[in-house]
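Enquirer: One structure is given below, represented as structure tokens, and several questions about it will come after.
The values are calculated or read from the model by the stated rules, or taken from the named source; none is laboratory data. No experiment lies behind these values; they were computed from the predicted model shown. Heads up, the Cβs are rebuilt from the backbone with ideal geometry, glycines too, and the neighbour counts pull from every protein chain shown. Heads up: the accessible areas ignore ligands, DNA and RNA and are worked out on the full protein's heavy atoms, side chains in. Shrake-Rupley method; radii C 1.70, N 1.55, O 1.52, S 1.80 Å.
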Amino acid sequence: MSTYMTAKLKKTRGRPRVFDMDETLDKALQIFWERGYEGASMAELSETLGINKPSLYAAFGNKEELFKKTLTKYASGPVAFVREVVNEPTARKVAENFLIKTAEFLSDSQHPRGCMIVQAMLSNSDKSVIVRDLLIKFRYTYEYLLAERFEKAKIDNDLPFDANPKYLAKYLATLHQGMSIQATSGATKEELLEVTNLALKSWPK
């Protein structure tokens, strides 16, 4: 287990009578974020969360259901900025804030580096088809939000007539995914921000 996980997650013994659901999901989120879906075993989840397997299954059904709940928590918490940036007044500001916040988020030492969704997608095999499809759905959801915002920008003449909202959104999504891998490999916030600056130079005017 990494230094981060050792510091953040305290292992407990025995079977607790009750447990805090929100705190439990926070801990499970950290494990899945660092290890991916397949890399996190039920034995590790049980030990780290301080909940024996029967209680864990009783509370969440199975590993897949636990992962779904942590993914929802992740989308509404750590990466909530993805939904917020579409409220920026211009398409360029949307792209700029999306990339800057992405660089800051992916390199933040307060949590595992990289994006949980990207990391889980890379580490998943065809055995976990449902989880794989769920991750793809989450990825397309934020692409759709960006594309929808850029459609509006085009109608408002905030983007040139030949701009393609769908591919502008995919461009940003591709940058996000690549930056996630870079961050996991040790890229600093400053390096990721330089990538952001280069990307913005090619933004349609």
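Enquirer: Please state the charge dipole magnitude for the chain, taken about the Cα centre, from unit charges on C-beta atoms (+1 on K and R, -1 on D and E), reported in debye and rounded to the nearest 20.
Expert: Result for the chain is approximately 480 debye, rounded to the nearest 20.
Enquirer: Please report the carbon-and-sulfur percent of the accessible area for segment 64-205; probe 1.4 Å, protein heavy atoms only, DNA, RNA and ligands left out.
Expert: Values: 4030 of 7410 Å².
So the carbon and sulfur contribution to the accessible surface is 54 percent.
Enquirer: Note down the nm distance, to one decimal, between modelled labels 7 Å out along Cα→Cβ at Ala59 and at Lys170.
Expert: Those two pseudo-labels are separated by 4.1 nm.
Enquirer: Still on this structure, please answer the following. I need to check one value: relative contact order of the chain, counting alpha carbon pairs closer than 8 Å and at least 6 residues apart, in percent.
Expert: Taking the mean separation of contacting Cα pairs over the length of the chain, I get 23 percent.
Enquirer: Taking just the C-alpha trace of the chain, give me its Rg and Dmax in Å.
Expert: 18.8, 64
Enquirer: Report the Cα-based extents of segment 93-189 along its three principal axes, largest first, to the nearest Å.
Expert: Dimensions of segment 93-189 along the principal axes of its Cα atoms: 42, 33, 18 Å.
Enquirer: As a quick test, which of the pairs Lys101/Lys170; Lys101/Lys201; Lys152/Lys201; Lys63/Lys166 have an alpha carbon distance above 28 angstrom in this structure?
Expert: Exceeds cut-off: Lys63/Lys166.
Enquirer: Using the reciprocal of the averaged 1/r over all distinct C-alpha pairs, how large is the Kirkwood radius of segment 38-94 in Å?
Expert: Values: mean 1/r = 0.0738 Å⁻¹.
Across segment 38-94, the inverse of the average 1/r is 13.6 Å.
Enquirer: I'd like the distance between the alpha-carbon centres of segment 65-97 and segment 133-179, rounded to an integer number of Å.
Expert: Cα centroid to Cα centroid, the span is 13 Å.
Enquirer: Also, I was wondering about something else. Can you tell me which aspartates and glutamates have their Cα less than 13 Å from the Cα of Lys73? Leave out same-chain residues fewer than eight positions away.
Expert: Counting by Cα, and skipping residues close in sequence, Lys73 has these aspartates and glutamates nearby: Asp22, Glu23, Asp26, Glu65.
Enquirer: Okay, next question. In deg cm²/dmol and to the nearest 500, what is the mean residue ellipticity at 222 nm of the chain if only DSSP H runs of at least 4 residues count, each as -39500 (n - 2.57), divided by the residue total?
Expert: On the way: 11 runs with 143 residues, N = 205.
Computed mean residue ellipticity for the chain: -22000 deg cm²/dmol.
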